[in-house]
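Have a look at the structure below before the remarks.
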Amino acid sequence: MELMAKISFVIYALIILGGGLVAVTSQSLVRALVGLISTLLGVAGMYMLLATPFMAFMQILIYVGAVAVIVFFAVMLTRADEGGEEADPAPIRQSLGSLAAVAAVGGVLSWVLLTKPVQGLKVPVEVAVEELGKGLMESYFVAFELISVILLVAMSGAVLLAWERRVKK
Amino acid sequence: MSPLLLYQLVALLLLCLGIFGMTQRRSFVGMLISVELMLNGAGLSIVASSQLTEASAVLGQLGALLVMGLAAAEATLVLAIIVVVSRRFGTTKTSEVSTLKE
């Protein structure tokens with residue numbers, strides 16, 4: 001059973017790595033989007049391994065279902081793929097700068113992770129969905145309400161931004 | 001290597017990929033994709049830390065859920081901004097969307 005968990009962890013990690021590399025290096029934005037979706041599915045698998053099936057479900061519902069469609073609309077509405085804005089490879093100076101940024105952040109964080117390891121539990125805690133619902137309705141009620149306000153504001157703001165031009169015409 | 005460390009390393013990998021894409025991409029849509037990668041890493045890190053330590057598991061899962069909600073709101077707004085910018089400038093290249101230089 002433990003071996004199965006390790007094997008699936010490695011498989012999900014490889015999916016995340018491969019999808020992420022496609023997402024950030026692909027010259028076609030539609031391919032980058034497909035890479036992003038496979039990364040999101042890999043992270044959903046990680047959530048399953050962490051014994052949080054509810055989070056895995058939400059990951060697929062919110063990210064793969066909603067955010068991926070929004071990104072695809074962004075590609076479609078700007079015809080970002082047609083002109084090939086990412087078609088020519090990035091200038092070498094920019095790539096070197098990006099690698100330096102990654103090395104700085106990743107170096108510091110992985111140094112902290114590897115030198116000061118936290119001995120966590122072997123087996124993840126299991127929480128029933130009822131407790132999550134109770135938490136949303138009792139302890140973290142304000143955060144729950146605030147996130148709905150934020151979503152409402154973002155949605156109406158987006159509609160307003162996209163509408164303005166049409167009224168002017 | 002404890003399981004917690006492995007999950008944190010995967011989250012760090014997502015963060016690094018996101019930073020790389022964010023600094024290297026030359027269009028807004030590519031940068032939006034990179035931001036989503038980074039936010040995913042944050043969510044995975046939060047859930048792993050709460051599930052594999054003594055910290056409150058409910059708090060961790062709900063926190064990651066709120067991160068997902070913020071990511072959805074952010075993606076919506078960025079979509080609107082991209083649409084407005086591409087109407088006004090006719091392109092979404094980051095190098096051409098600038099008026100201060102002129």
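Just so you know, all these numbers are worked out from the coordinates, no wet-lab data involved. Because the structure is predicted, anything quoted here is derived from the model rather than measured. Don't worry about glycine lacking a Cβ; one is built from the backbone with ideal geometry, like all the others, and counts go over all protein chains shown.
Before moving on, here are some points about what is shown:
- Only Lys, Arg (+1) and Asp, Glu (-1) charged, at Cβ; the range A:1-120 dipole about Cα centre in debye: 340
- Helix runs (DSSP H) in chain A reaching 18 Å along axis by Cα, Kyte-Doolittle at least -1.0: A:2-25, A:29-49, A:92-115, A:141-168
- Dipole of chain B, positive end: most advanced residue of B:I82, B:Q8, B:L37 [Cβ charges, Cα centre]: B:I82
- C-alpha long axis of helix B:28-51 to longest principal axis of chain B, angle in °: 10
- For chain A, the convex hull spanned by the alpha carbon atoms encloses 189 Å³ per residue.
- Amide H to amide H, with H built 1.01 Å from N, B:S27 comes under 5 Å of B:T94, counting only residues 5 or more places away or on other chains.
- Using a Förster distance of 22 Å, the FRET efficiency for A:V129-A:M155 (Cβ separation, nearest 0.05): 0.25
- Helix-only mean residue ellipticity at 222 nm for chain A, each DSSP H run of n ≥ 4 adding -39500 (n - 2.57), per residue, nearest 500: -24500 deg cm²/dmol
- Axis angle, to the nearest 10 degrees, between helix B:3-24 and the longest C-alpha principal axis of chain B: 10 degrees.
- Chain A: relative contact order as a whole-number percent, Cα under 8 Å and 6+ apart: 17
- The distance linking the range A:36-78 with the range B:5-50 is 13 Å (Cα centroid to Cα centroid, whole angstrom).
- Legend: mean number of C-beta atoms from other chains within 10 angstrom of residue C-beta atoms, peptide A:6-12, equals 1.
- All C-alpha pair distances within the range A:18-66, sorted into 10 Å bins from zero, spread as 31, 43, 22, 3 percent across the bins.
- With Cα atoms, 0 to 90° folded angle of helix B:57-89 axis to chain B main axis: 10
- Length released on extending from A:M137 to A:L99, taking residue separation times 0.36 nm less the Cα-Cα span: 9.3 nm
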